Each structure stands twice: as structure tokens, then as C-alpha cells.
Amino acid sequence: MLIDKDLYDRILEKKKKLVSIRSLNKEQLKLIKEQINIEYIHNSTAIEGNTLSLNETKLILEEGVTISGKSLREHLDIINQKEAIYWIEDFIKNKTKIKEVDIIELHRLTLKGISNHWAGRYKTSQNRIVRSKLKTTPSYKVHSEMNNLAYEIENNKKFNTIELAAYAHHELVKIHPFIDGNGRTARLLMNLILMRNGYPPIVILNRERKKYFETLEKAHFENFKDFFNFIARNVEISLNLYLNSLVPTKKNTELISLKELAKETKYSQEYLSLRARQGKLVATKINGIWYATRKDLKDYIKSIR
């Protein structure tokens with residue numbers, strides 16, 4: 001296993017807890033799901049250059065408004081991702097295996113109305129990943145490699161679910177089968193794999209873009225550990241968001257900024273923030289500020305003694 005054991009053990013424990021309480025508050029679950037979908041759509045499109053803000057994304061998705069000064073492509077980008085998420089939810093309900101045509105459908109939904117000619121169609125010439133040293137798959141090999149990727153997903157005996165989701169993401173980007181929309185399709189495929197195995201969808205924040213691309217680049221050259229752990233930490237963050245919303249808050253489970261928590265320990269805010277970034281201290285980043293609970297801090301301190 002390439003994911004850090006402590007991190008993976010925490011994730012399994014939190015997933016088990018989430019599964020046990022999911023049915024207790026369906027209305028609250030619906031609200032947090034809608035919020036995460038908005039944040040996912042905003043960040044996934046922003047990573048690819050969409051300039052719509054989180055609030056503007058929310059208005060488009062919930063009110064159907066048109067944002068002045070923003071392009072039709074940017075609006076369609078948002079709307080298409082929402083449709084793709086709904087498609088994933090229906091796909092999971094049907095409990096069918098992921099096939100090559102399903103990945104193509106995710107791409108078709110991603111580019112629908114943006115580039116109808118290329119939506120759901122493979123590239124016909126060589127392309128490249130900007131700022132990457134990787135040579136992507138030649139167009140004549142794309143079909144066989146994408147078919148093999150679908151086979152690997154459904155016949156996996158090597159990876160746990162999180163590693164498989166991260167691997168599928170990396171592999172799709174490495175193949176780079178489409179003229180446009182490879183990153184968005186890869187993130188949708190990754191969440192499809194996670195969600196059908198009982199995990200909440202993850203959100204890769206646009207402000208984490210640099211680290212995301214750096215670890216993904218390493219994965220392209222067979223160094224999977226950093227990318228797998230990057231994805232795993234985002235899985236834990238999503239689990240934290242769900243649990244914090246669904247579990248009644250107590251004094252030791254209240255989210256508190258690391259700045260305030262530091263005052264209750266001998267550790268500085270800077271040190272706690274470093275450990276949070278490293279995934280050693282369980283913490284959640286909200287609007288650029290790290291938060292943790294007293295319980296998580298206590299568990300971390302206990303682990304290093």
C-alpha cells in the first residue's frame with residue numbers, strides 16, 4: 001500500500017462512521033452533498049481556467065442566471081459538470097461495470113455545447129500536457145489503452161479503492177485521449193470510483209493546483225506515492241466535512257482555527273499548519289484557514305509521544 005498507513009486507517013474509520021449515520025439525517029445529507037457539488041464544479045473548472053467565482057457558480061447552478069461579462073463557454077462548463085455528476089449518480093444506482101464507453105460519455109457531457117465536434121471523440125493527432133515532460137499516448141493507441149484502463153478498473157487486484165481512483169485519474173491524464181477536457185474527465189472518473197465504493201466525492205481546490213500538478217507529474221513517471229497520498233488527504237477532508245455536518249457538535253469536536261488551538265498547546269500555529277499540510281494532523285482548510293478539533297489535536301499529540 002502506497003498511502004500512509006495512519007492516514008488510511010483514519011479514513012477507513014471515518015468512512016465506517018459515515019456509513020453508519022448517513023441515513024439518520026437525509027435532509028442534512030442532501031444539503032452537504034449540494035454544497036460539495038458546487039465546490040467541486042467551481043474548483044474543477046477553475047483548475048482549467050474558468051474565471052467564474054464560487055458565488056457565481058452557485059447562482060448559475062441554483063438560480064439558472066447568466067453572469068454578465070462571462071463567456072458562454074464558462075457557463076456551459078459549469079452546467080455540463082452538474083449534468084455529469086447527475087450521470088455518475090444514476091450510473092452508480094444501476095450498479096454496472098465501468099466500460100470505455102462510459103468514460104467517453106463523461107467526456108461528451110464535459111464538452112457538450114462547448115465543442116460538439118470533439119465531445120466524446122478521441123484525438124486524431126499527437127497532443128501534449130502543458131508544462132509536463134510526459135509524451136502522451138499516440139492517437140492510434142488511444143482506443144486500446146482506454147479499453148485497457150476500463151479493464152484495469154474492473155479487474156483491479158493491486159490497489160485499494162482510493163489508490164485505484166487516483167491511479168485511474170493519473171492513467172487517463174497520461175493517455176490524454178481527448179483534445180480538451182482530459183483533466184475534468186479524469187476527476188469525474190476518480191469520483192465515480194470513490195462514490196460507488198461508499199466514499200463522498202472529493203474536491204481538489206484550485207488553490208492546491210500547484211501541488212496537485214506536481215504530484216500528478218511524479219505519478220506519470222511511476223512515482224505514485226505523493227499523488228496517492230494527495231488524493232487520500234482530500235478523501236479525508238471530504239469525510240471530515242460530511243461528519244462535521246452530520247454529527248452533533250461537542251466541545252471536543254468543534255472546528256477551531258489552528259491559530260486558536262495553538263494557544264491551548266506548547267506548539268505554534270506554524271508548526272500545526274505544517275503538520276496539517278503533511279497530513280499528520282487531521283485538519284480541514286476553509287477559505288484558506290486551517291481548522292481542527294480538540295480531539296484531533298489531542299490524538300495527534302498522543303501519536304508523537
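Just so it is clear, none of the values below were taken in a lab; they were calculated from the coordinates. Remember, it's a predicted structure, so these values are computed and weren't measured experimentally. Neighbour counts are summed over all protein chains in view; Cβ atoms, including those assigned to glycine, are modelled from backbone coordinates with ideal geometry.
Per-structure values
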item	result
Theoretical ellipticity at 222 nm over the chain - DSSP helices of four or more residues, -39500 (n - 2.57) apiece, nearest 500	-19500 deg cm²/dmol
Net charge, Ile47 excluded, C-beta distance under 13 Å - Lys, Arg +1, Asp, Glu -1	+2
Overall form of segment 180-294 per C-alpha gyration tensor (a/c, 1.5; a/b vs b/c)	oblate
Inter-part distance where segment 83-120 and segment 2-47 are each reduced to a Cα centre, Å	22
Shape call, segment 1-110: gyration tensor on alpha carbons, a/c limit 1.5	prolate
Calculated FRET efficiency for the pair Lys259/Tyr86, C-beta based, R₀ 25 Å, to 0.05	0.05
Euclidean distance between Cα centres, segment 131-160 to segment 188-245, Å	19
Distance between modelled label sites at His117 and Asn223, nm, 7 Å Cα→Cβ extension	3.9
Dipole of the chain, positive end: most advanced residue of Leu109, Leu205, Ile11 [Cβ charges, Cα centre]	Ile11
Test item: Cα-centred dipole of the chain, Lys/Arg +1 and Asp/Glu -1 on Cβ, debye	840
For segment 251-305: rounded, prolate or oblate by the Cα gyration tensor [a/c cutoff 1.5]	rounded
